[in-house]
Amino acid sequence: MTIPQQPPTDKQPAALLNRRILLGVSGSIAAYKAAPLVRLLVQAGAEVQVILTEAAAAFVTPLTLGTLSKKPVLTGFLRDAASGQWHNHVELGLWAEAYVIAPASANTLGQLANGLCPNLLSAVYLSARCPVFLAPAMDLDMYAHPAVQQNIARLRSFGNHVFDSPSGALASGLSGPGRMLEPEQIVTELITFFVG
Ligand SMILES: Cc1cc2nc3c(=O)[nH]c(=O)nc-3n(C[C@H](O)[C@H](O)[C@H](O)COP(=O)(O)O)c2cc1C
């Protein structure tokens, strides 16, 4: 049974209503924030398709994100290995009106910056024609490393929107930049983008 989406209220701007949002989630401790992010996007009326990397699935389950997004979560290229059914990364890339990758791990940033596509998340990135928004999340020394900063600069030079990472308490116990931008702020950024 399909329950129709609620129309937006004053507090749920229409900018995201019926928008097709791909959400890529990679393997950071901040992956748990993908759950409230999906919830906010769905509340705003967006159609959300979640893609998890294998590492991300250890942090947040497909069951949680699939329930919140009301769609099966995609975790790999193959849908059913026995029958040869697969998830079409090209179609997914063309379907999306925005591709949000949050959290974006150091590893995933490196793949995307260098055109590597060992998983569905990164293969869809290469096929996507829509705007891409990335929310890096990692420990402060990883975030400050020149390799990561160069990857971020390179991704920006491709026209991707890479959010600055806020400073604050990190899961490691250290404090500094490396936190994922909060889900509410990511939604605000998307609304601002679509409102123009
Ligand atoms: C407990 C734990 C927390 C981690 N947190 C992060 C993180 O916040 N950011 C990050 O870039 N990598 C983090 N990693 C390492 C990534 O999970 C690892 O590099 C992984 O290969 C990323 O794969 P993916 O980019 O395909 O999701 C963490 C690993 C563990 C075990």
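The values are calculated or read from the model by the stated rules, or taken from the named source; none is laboratory data. What you see is a predicted model; the values in this text were computed from it and never measured. Don't worry about glycine lacking a Cβ; one is built from the backbone with ideal geometry, like all the others, and counts go over all protein chains shown.
Can we say M142 is touching a Pro at 6+ places or on another chain (Cβ under 6 Å) and of a type outside the set (V, I, T)?
No; evaluated as a whole, the condition is false for this residue.
Within the bounds of the range 85-104, is there any residue that is part of a loop (DSSP other than H, G, I, E, B) and either within 11 Å of the ligand (Cβ to nearest atom) or on the phi > 0 side of the Ramachandran plot (or both)?
Within the range 85-104, not a single residue is part of a loop (DSSP other than H, G, I, E, B) and either within 11 Å of the ligand (Cβ to nearest atom) or on the phi > 0 side of the Ramachandran plot (or both).
Could you check the range 50-69 and list, in sequence order, the residues that are more than 18 Å from Y99 (Cα to Cα), of a type in the set (A, V, I, L, M, F, W, C), touching a residue at least 12 places away in the same chain (Cβ under 8 Å) and part of a helix (DSSP H, G or I)?
A57, A58
For the range 126-196, which strands (runs of 3 or more DSSP E) that fit wholly inside it have 1 or more residues that are over 25 Å from A98 (Cα atoms)?
Result: 167-169, 175-177.
Considering only residues of the range 55-70 that are surrounded by 17 or more Cβ atoms within 10 Å (Cβ to Cβ) and hydrophobic (A, V, I, L, M, F, W, C), which is farthest from L22 (Cα to Cα)?
Checking each candidate, the answer is F59.
Rundown of residues vs (1) within 14 Å of the chain's Cα centre (by Cα); (2) among the small types (G, A, S); (3) surrounded by fewer than 16 Cβ atoms within 10 Å (Cβ to Cβ), yes/no style:
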{"site": "G24", "(1), (2), (3)": "yes, yes, no"}
{"site": "V38", "(1), (2), (3)": "yes, no, no"}
{"site": "V48", "(1), (2), (3)": "yes, no, no"}
{"site": "I51", "(1), (2), (3)": "yes, no, no"}
{"site": "P72", "(1), (2), (3)": "no, no, yes"}
{"site": "H89", "(1), (2), (3)": "no, no, no"}
{"site": "A102", "(1), (2), (3)": "yes, yes, no"}
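Please determine whether any residue of the range 138-145 is hydrophobic (A, V, I, L, M, F, W, C), in contact with a Leu (Cβ under 8 Å, 6 or more places away or on another chain) and modelled with pLDDT of 95 or more.
Yes, the range 138-145 contains at least one residue that is hydrophobic (A, V, I, L, M, F, W, C), in contact with a Leu (Cβ under 8 Å, 6 or more places away or on another chain) and modelled with pLDDT of 95 or more.
Conditions tested, residue by residue: (1) within 12 Å of the ligand (Cβ to nearest atom); (2) touching a residue at least 24 places away in the same chain (Cβ under 8 Å).
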{"position": "N107", "(1), (2)": "yes, yes"}
{"position": "G110", "(1), (2)": "yes, yes"}
{"position": "L116", "(1), (2)": "yes, no"}
{"position": "L121", "(1), (2)": "yes, yes"}
{"position": "V124", "(1), (2)": "no, yes"}
{"position": "A128", "(1), (2)": "no, yes"}
{"position": "P131", "(1), (2)": "no, yes"}
{"position": "P136", "(1), (2)": "yes, yes"}
{"position": "L140", "(1), (2)": "yes, yes"}
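Please go through the range 142-172 and pick out each residue that is away from the ligand (no atom under 14 Å from the Cβ), surrounded by 14 or more Cβ atoms within 10 Å (Cβ to Cβ) and among the polar types (S, T, N, Q).
N160
Among the residues that make up the range 9-22, is at least one of them part of a loop (DSSP other than H, G, I, E, B), within 16 Å of the ligand (Cβ to nearest atom) and not hydrophobic (A, V, I, L, M, F, W, C)?
no
Here are some residues: A82, A14. Which one is modelled with pLDDT under 95, touching a Pro at 6+ places or on another chain (Cβ under 6 Å) and of a type outside the set (V, I, T)?
Result: A14 is the single residue among A82, A14 that is modelled with pLDDT under 95, touching a Pro at 6+ places or on another chain (Cβ under 6 Å) and of a type outside the set (V, I, T).
Mind listing whichever residues of the range 53-70 are more than 13 Å from the chain's Cα centre (by Cα), among the hydroxyl-bearing types (S, T, Y) and within 16 Å of the ligand (Cβ to nearest atom)?
T61
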